[in-house]
Amino acid sequence: MNVVRAVLIKELKDGLRDRRALLSAFLFPLLAPVFIYGLMTLVIKQNTESEDLVLPVIGQDYAPALMRQFEEAGFTLEAFDGSPETAVRDKTVELVVQVPEDYQETMANFEPTQVLVIHDGSRNDTRTIVRKVRNLISNYNNELAALRLIARGVSPRILQGVRAKSSDVASDEQRAANLLNFIPIYVLMAAFVCGLGLAIDNTAGERERRSLEPLLINPVTRTGLIFGKWLAASALAGAGMIITLGLCLGAMLALPIDELGLNFTLTAGQVLMLLVAILPVPMFASSLQLLLGLFAKSFKDAQSYVGILVFIPVVPTLVMQFLPVASSLWMYFVPIFGQSLMIKEILGAETIPLLAYPAAFITTFATSLLVCWITGRLLSQERVIQS
C-alpha cells in the first residue's frame, strides 16, 4: 500500500502540474452542459413559439372556408407564384399549400379533394409547422364531414364506434428524463475523457520518454505500480464526471421544461443515489485506458487506441433507444449499461431494486481490478516492455 500511495501522489502531482493538459481534459465537462442547455432551449422554443406564421398558398381563392381556418389558427396567408418544389428545395420557403382548381367542383359533388402540402421532409426546423398545417386540414375535414351528416339529419356520432382514450401513467419526471435521455451519455463519457490524458501518459508516455524501464528496475511490484497509476487516473476521471453531473443537473433545472407541459424536480436523495450509481465508472474507464495504452509505442499512437473507448457510454443509450426492453435485474450487472440505466431511472424518480446498487458497483469495480491485475501481469513480460 505504501508503493500504491507513493505512485498515486506522484502521478497526481505530475498530472496537476500540466495545466494545459488539465484544461484540455476538463473542457468537456464545462462545454457539455452549455451545449445541452442551448440545444434544449432551441428545441423548446421551436415547439412552443406562438408568433404569426406566414403560409404561402397557391389557389387560396378556391377554398375560402379552409383559408379562414388557417387565419383563425394564427397563420398569415401569402399568395405564392412560381414553382413550389423549387422554392421548398432551395429553402426559400418552409412549405407551400396548393389548393386544386377543381376544389369547389369536387366539393359540390361530394368527391374527395386533395390539398397538397409541399415540404422538405429532411428539414427538422419545419416539422412543427408542417405538422400544424396537416392537423388543421384534418380537423377541417372532420368538421366538414360532420356538417354534411347533420344536413342530412344524421348524427355525426354514428361514425364514432370505438375511440381510443389515452391514459399515460408516466410521471412528469419520467417524461422529462425520457426527453433528456442523452444526459447519461455526457455524464459517463466524462469519465472516459477527463482521465484519458493521464492514463495514456502513465503508459505510452512513459514508454515514449524511455522512463518505463528505469521505473520497473525499482524493487516494487508491477501490480503496485499499475494500481497507483490507476487510482491517479481514476481520481481525475471521477472529478470530471462529478463536475459534468452537477452542471448537467443544473442545466436541466434551469431549462423551461414546463413550457412543454412537463415538470422536473430533483431532491438531495436523488443526487446522492446518482453519485453512488456512477462511482465505479471512472475506475472502469481508467483500467481499460491503462491496458490499451500499454500496447502503444507513443502518446499519439495511444490516442488512436484509447479513443475508441469513448464510444462505450454511447452504446447503452442507443440500445435502450432503438431496442426498448423492460429493465431486468441482470442488466445492472453489466458495466456501464447498468449505470446508464440507473441514471435514467433515478432522474425519472422510478423505483430501483435495492440489489441494483451493489450489483452495479461490485461487477464494475471487480472488472476494473481484474483489468488492472492483467495490466500488471503484462508488465512482467519482456516482449510487452520492449514492443
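The values are calculated or read from the model by the stated rules, or taken from the named source; none is laboratory data. Everything numeric here is computed off the predicted structure, so don't read it as measured data. Counting neighbours? That spans all protein chains shown, and the Cβs are built from the backbone with ideal geometry, glycine included.
Tell me the residue from 345, 350 that is of a type in the set (Asp, Glu) and farther than 26 Å from residue 234 by Cα, please.
Working: 345 fails: farther than 26 Å from residue 234 by Cα.
350 is the lone residue from the list that is of a type in the set (Asp, Glu) and farther than 26 Å from residue 234 by Cα.
When the test is whether a residue is under 31 Å from the mean Cα position of the chain (by Cα), modelled with pLDDT under 85, assigned to a helix (DSSP H, G or I) and not charged (D, E, K, R), residue 197 passes it.
Does residue 215 count as assigned by TED's automatic domain parsing to the domain that holds residue 38, surrounded by fewer than 18 Cβ atoms within 10 Å (Cβ to Cβ) and free of Cβ contacts under 8 Å to residues at least 24 places away in the same chain? In short, yes.
When residue 229 is tested against the conditions (1) surrounded by fewer than 20 Cβ atoms within 10 Å (Cβ to Cβ); (2) under 21 Å from residue 9 (Cβ atoms), the lone failure is (1). Just to be sure I understand the filter: pairs with C-beta atoms under 6 Å, separated by 6 or more residues or on different chains, first member in region 145-164 and over 21 Å from residue 109 (Cβ atoms) and exposed (fewer than 11 other Cβ atoms within 10 Å of the Cβ), second member modelled with pLDDT under 80 and of a type in the set (A, V, I, L, M). Which pairs pass? Taking only residues 6 or more apart or on different chains, not a single pair turns up. Residues in region 55-85 that are of a type in the set (Val, Ile, Thr) and modelled with pLDDT of 90 or more were compared, and the one that is farthest from residue 126 (Cα to Cα) is 58. Per the listing 320, 342, 331, the residue uniquely in a helix (DSSP H, G or I), without any contact (Cβ under 8 Å) to a residue 40 or more places away in the chain, surrounded by 12 or more Cβ atoms within 10 Å (Cβ to Cβ) and in the same structural domain as residue 278 (by TED's automatic domain parsing) is 331. Of all the residues in region 274-302, those that are crowded, with 18+ Cβ neighbours inside 10 Å and either of a type in the set (Ser, Thr, Tyr) or part of a helix (DSSP H, G or I) (or both) number 18. For region 297-320, residues that are under 18 Å from residue 199 (Cα atoms) and among the aliphatic types (A, V, I, L, M) total 6. Those residues that are surrounded by fewer than 19 Cβ atoms within 10 Å (Cβ to Cβ) and aliphatic (A, V, I, L, M), I need them from region 360-378; list them, please. Matches in region 360-378: 362, 366, 369, 370, 374, 378. List the residue pairs whose Cβ atoms are under 8 Å apart, where the first residue sits in region 115-136 and is assigned by TED's automatic domain parsing to the domain that holds residue 76, the second is modelled with pLDDT under 85 and crowded, with 18+ Cβ neighbours inside 10 Å, and the two are 6 or more positions apart or on different chains. The qualifying pairs are 119/126; 120/126. I'd like to know if region 227-245 contains one or more residues that are β-branched (Val, Ile, Thr), under 22 Å from residue 185 (Cα atoms) and touching a residue at least 40 places away in the same chain (Cβ under 8 Å). Yes, region 227-245 contains at least one residue that is β-branched (Val, Ile, Thr), under 22 Å from residue 185 (Cα atoms) and touching a residue at least 40 places away in the same chain (Cβ under 8 Å).
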